[in-house]
C-alpha cells in the first residue's frame, strides 16, 4: 500500500498562500475541480473522486484523525463508469457524504501542496509528502515541517479529520 505524510491547515486566503507556495514550487499550479462521494467503510475511508472531464478514481485510505503530520496508507484505482459505481457503492455501503472543492495543486519535489476551497467550509491547505517503500515516517514528517515553515503555517492552524468530518461538525451531525 502506498504511504504519505499528511497535514491539513485552515488558511485565511488561498490567493496569498498560492503566491508564496509558487515561490518554492517546481512549476505552475494546476487547478482541479473535485467532487468526492464518501461511502460507509469500517476499516478506513472510501471515496469516489470525480473530475469535470468525466474521469474518476476510487480511493481507499487509512490514517489517524489527528492534528499535525500523520502517516496515511492509500490505494487509488481508476474508474471508467463513475456514476454507475457511485450508485452501486451507495446501494451496497451507503453514502457517508459528499465534499466538493476547487483545488490548486503545486509540487515541491515529492510533496503535493493542495490549496483547497471547500464548498461550505472555506479555504484550507494540505500537504502530502509521498514516502518511498523503505523510508521512515519521520523523514516525511521532517519534510512536512520544513514546508509548513516555508509557507508560514502555524501549529494553531492545523485541523484534524477529513473535510467530510468538518462538514458534519458544522451541520451539527
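The values are calculated or read from the model by the stated rules, or taken from the named source; none is laboratory data. Being a predicted model, the structure only gives us computed values, none of them experimental. Don't worry about glycine lacking a Cβ; one is built from the backbone with ideal geometry, like all the others, and counts go over all protein chains shown.
Considering each of 92, 77, 96 in turn, give the residue that is touching a strand residue (DSSP E or B) at 6+ places or on another chain (Cβ under 7 Å) and exposed (fewer than 13 other Cβ atoms within 10 Å of the Cβ).
Values: 92 fails: touching a strand residue (DSSP E or B) at 6+ places or on another chain (Cβ under 7 Å); 96 fails: exposed (fewer than 13 other Cβ atoms within 10 Å of the Cβ).
Residue meeting the stated conditions: 77.
Given the criteria touching a residue at least 60 places away in the same chain (Cβ under 8 Å) and surrounded by fewer than 13 Cβ atoms within 10 Å (Cβ to Cβ), does residue 144 qualify?
no
Could you grab me the full set of residues in region 13-29 that are part of a loop (DSSP other than H, G, I, E, B) and modelled with pLDDT under 95?
Across region 13-29, the qualifying residue is only 13.
Between residues in region 7-29 that are free of Cβ contacts under 8 Å to residues at least 12 places away in the same chain and residues that are assigned to a loop (DSSP other than H, G, I, E, B), which pairs lie under 6 Å by C-beta distance while being six or more apart or on different chains?
Listed pairs, sorted by first residue: none to list.
Condition (residue is surrounded by fewer than 17 Cβ atoms within 10 Å (Cβ to Cβ), assigned to a helix (DSSP H, G or I) and in contact (Cβ under 8 Å) with a residue 40 or more places away in the chain) applied to region 106-114: is it met by at least one residue?
no
Conditions: (1) surrounded by 14 or more Cβ atoms within 10 Å (Cβ to Cβ); (2) in a helix (DSSP H, G or I). Residue 72 meets all but one. Number of the miss?
(2)
Condition first: in contact with a strand residue (DSSP E or B) (Cβ under 9 Å, 6 or more places away or on another chain), surrounded by fewer than 16 Cβ atoms within 10 Å (Cβ to Cβ) and on the phi > 0 side of the Ramachandran plot. Now tell me which residues in region 18-69 satisfy that.
Hit for region 18-69 is 44, nothing else.
Among all residue pairs at least 6 apart or on different chains, which show Cβ distances below 6 Å where the first residue, located in region 44-69, is part of a loop (DSSP other than H, G, I, E, B) and the second is surrounded by fewer than 17 Cβ atoms within 10 Å (Cβ to Cβ) and at pLDDT below 95?
65/160; 65/161; 66/160; 67/160
So residue 42 passes all but one of these: (1) modelled with pLDDT of 95 or more; (2) out of contact with any helix residue (DSSP H, G or I) (no Cβ under 6 Å at 6 or more places or on another chain). Which condition number does it fail?
Failed condition: (1).
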